[in-house]
Structures are given as C-alpha cells and as structure tokens.
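The values are calculated or read from the model by the stated rules, or taken from the named source; none is laboratory data. Owing to the predicted nature of the structure, the values given are computational and were not obtained by experimental measurement. Here Cβ is always computed from backbone atoms with ideal geometry, including for glycine, and neighbour counts include all displayed protein chains.
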Amino acid sequence: MQPVVPSLDARIPVHVLTGFLGSGKTTFLRHLLDEPSLADTAVIINEFGEVGLDHLLVREVSEDVVLLSSGCLCCAVRDDLISTLADLLAMARSGKVAPFRQVVIETTGLADPAPIIHAVLSAPELLHRCRAGSVVTTVDGVSGSNSIQSFAEAAQQVALADCVVITKAELVQPWQVDALKLEIARVNPSVRSLTSGKGAMAPARDVLGQAENPKHLGSGSVHGVHSHGIKTFTVEVPGEVEWPAFVEWLELLLAARGQSILRVKGLLPVKGDERPVVIHGVQHVVYPPEYLPRWPEGSPRGWLVFIARNLTRAAIENSLRNMLATRS
Ligand SMILES: Nc1nc2c(ncn2[C@@H]2O[C@H](COP(=O)(O)OP(=O)(O)OP(=O)(O)O)[C@@H](O)[C@H]2O)c(=O)[nH]1
C-alpha cells in the first residue's frame, strides 16, 4: 500500500530567500540559478512596489519565474502564494512547465519570513507535496548593521535565518565584515554566516540544502513584523534622460535623504543608449547601472519605485521635474 504522506525527501523543499531592502537578494538568486545543480528550481518573487523589476532580471537566467506583486507575502498576498505554489505543482504534473525539484521564494525586503513558512506548511493543498527548506537571509555588507539596528524587519530576517549571506563584502574592509558577523551572531547565535561579493559569490551548495531545520517555525506567527510609516510609490520619468545629470540628481537625493529613502529602483530610457538602464539605490548608495537587452513587453518606459518613510511622492516628483527642466 502507498504511504499516505510521502517521506520527507520526496517532498519539494520550499526555500525562502529574504533580506532587507537592496541587500542583494536578486543578485544572489541569479548567481544561485546559474549553478547547474539548481537548474530545476521554480522561483516565486514577491515585490513591494507597483511595478516589478526583479522578475525581469531573474528571467534572464531562469524561465520558471512567477511574480507576486502589490503587497507583501507575509501579510497581504499569502493566499496568492499558496495558490501559486499549488498551480506550479499542478502544471509540473501535467507537463505545462518543466518539472522542478525545489522552490525558492524571494520575499520583499520588508517581509517577515515566519508567516510565509507557516503559510506553506499549514496549507492542506501543499501538505503532501512541499516541505520547509532553508531560510537564507542576505545582509548588506555596507548598510546591514544600520538596518539591523534601525528596522525590526531586518533583525527578524536575521533571527529566523538558517544561513546568512553577507553581501557586498568586497566593498568593505575585512574588519567590518567581522564586526557584522558578531552583530549577526548576537541576533541569531546558531546561524551560519557566509561572505559573498561580486567576483566571489558564496557557493550555492553552502547556502541551500540545510533543510529540516525547524527553528524558523517556532514562533508560529501568522502576521509579519513591520515598522511603521514605510510606503512605496512609483514616479514616472517622462522621456529619455541625460545619464550624467540623472546620476548626479540621484546621488544628491540619496546623500540628502538616504535616511528616508530605503530603496529606489527602476528602468530608464537614457539618451544615446537603446537598452533600458536598471537603476539601483540603497539608502545612501547609488550602484552602478545594469542593462536589460531590450524593453520588457508590457513594461512602462521610464519609472522609479521608491520605498521610503517620511517622504512624499510629490517631493520626489518636484525635485525630478526641476532636474529635468534644467538638465535635459
Ligand atoms: N558591489 C556589489 N554590489 C552588489 C552585490 N550584491 C548586490 N549588489 C548591488 O546592490 C544593488 C541591489 O541589489 P539587489 O540584488 O537588487 O537587491 P535586493 O535585495 O534584491 O533588492 P530589493 O528586492 O529591492 O529588496 C544592485 O545594484 C546590485 O548590483 C555585491 O555582492 N557586490
């Protein structure tokens, strides 16, 4: 007779990749999916913002990517997550998508991973097919310490991690990485901390596959931990921008308002370049631009998503308009 519940190994691990805003989740996920052993991975990306960007970047390295937008997985779109997972499993069974051996959920930068795992494990339709995988948390080597100290979400993501990946390590001194490791250990004494950076990413085999660690299920909480007053809004950028003027504007904006602007990202048409330019700012730092090969179907032309507190869309729009009026 067939067992009613398959052995643990037969069930698909659902890993959660979390980490504070801009800490490098998508960059690290793209690196993971590049590894041949992780080729058969289905990816669910949850973005906090009216327009999604991360799924466009990840789709360059993996086809099985589903975007869940317009809300945070740990509070607003949990039912969507369950139905998305159930749909993916059904489509793999019927051959509509390639079979996969694991799922990675990339959360928003403000998510609490506990309710997400709780939702996956408590959904009757998933009980026989999925099991909890690892919680992997990226911590920004540059701004991680500030985030852990200032934002409950960042501390919670570290507290619930099976594995922490300290990103952007090549941008800071080794002693700063050591200090950050100590800070992480104070929040989560049993966590494994790996160091990663562009050119020397932490190997996938060291990050995933540490499943069966029930630590993150202990809280059983079903509501996310959230700081107050953090909002997201999208600002439209009309027409092509002059790159030097735009970067100068963004750098000045983040230098002045980096405490309020936690994250900015977007896609821009830039004069003299056919390709859409991907913009990334994290707190006070503007990162070098990336490029998409072409404009994604259905994507608006020029937009910036802000995740901020104590700052209005109107203030950003005014500032942008002034820059465009004088410099474009
Ligand atoms: N130099 C350097 N830059 C990095 C590294 N990891 C990420 N970045 C840059 O940091 C910026 C944000 O990275 P993302 O991977 O988009 O961060 P994220 O956590 O997915 O961002 P959200 O989904 O908005 O929370 C991008 O410009 C990346 O290129 C790293 O290890 N080294």
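Data overview
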read-out	value
P293 being surrounded by fewer than 14 Cβ atoms within 10 Å (Cβ to Cβ), within 13 Å of the ligand (Cβ to nearest atom) and assigned to a loop (DSSP other than H, G, I, E, B)	no
Those residues of region 15-36 which are in a strand (DSSP E or B) and within 12 Å of the ligand (Cβ to nearest atom), in sequence order	L17, T18, G19
Index of the failed condition, S190 passing every other in (1) surrounded by fewer than 20 Cβ atoms within 10 Å (Cβ to Cβ); (2) closer than 20 Å to V286 by Cα	(2)
Only listed residue being in contact with a Ser or Thr (Cβ under 8 Å, 6 or more places away or on another chain), surrounded by 12 or more Cβ atoms within 10 Å (Cβ to Cβ) and assigned to a loop (DSSP other than H, G, I, E, B), chosen from L304, L311	L311
Checking S319 against (1) outside any helix (DSSP H, G or I); (2) in contact (Cβ under 8 Å) with a residue 12 or more places away in the chain, the condition it does not meet	(1)
Counted residues, region 139-152 - those being within 15 Å of V16 (Cα to Cα) and assigned to a helix (DSSP H, G or I)	0
Filter result for the condition that a residue is over 17 Å from the mean Cα position of the chain (by Cα) and either buried (at least 17 other Cβ atoms within 10 Å of the Cβ) or within 16 Å of the ligand (Cβ to nearest atom) (or both), over S122, S134, S145	S145
I116, sole failed condition from (1) more than 16 Å from the ligand (Cβ to nearest atom); (2) at pLDDT below 85	(1)
From the options V120, V104, V97, V136, residue that is in a loop (DSSP other than H, G, I, E, B) and either in contact with a helix residue (DSSP H, G or I) (Cβ under 8 Å, 6 or more places away or on another chain) or in contact (Cβ under 8 Å) with a residue 12 or more places away in the chain (or both)	V97
Scan of region 155-179 for residues that are within 11 Å of the ligand (Cβ to nearest atom) and either outside the structural domain of A114 (by TED's automatic domain parsing) or of a type in the set (G, A, S) (or both), ordered by number	A169
Filter pass, L267 being out of contact with any helix residue (DSSP H, G or I) (no Cβ under 9 Å at 6 or more places or on another chain), outside the structural domain of D140 (by TED's automatic domain parsing), crowded, with 19+ Cβ neighbours inside 10 Å and not small (G, A, S)	no
Cβ pairs under 7 Å, 6+ apart, first in region 37-53 and assigned by TED's automatic domain parsing to the domain that holds E106 and part of a strand (DSSP E or B), second modelled with pLDDT of 75 or more and of a type in the set (D, E, K, R)	V43/E106; I45/E106; N46/E106
Tally of residues being loosely packed, with under 13 Cβ neighbours inside 10 Å and either within 16 Å of the ligand (Cβ to nearest atom) or part of a loop (DSSP other than H, G, I, E, B) (or both) across region 273-290	1
Odd one out for V172, checked against (1) over 17 Å from I44 (Cβ atoms); (2) under 18 Å from the mean Cα position of the chain (by Cα)	(2)
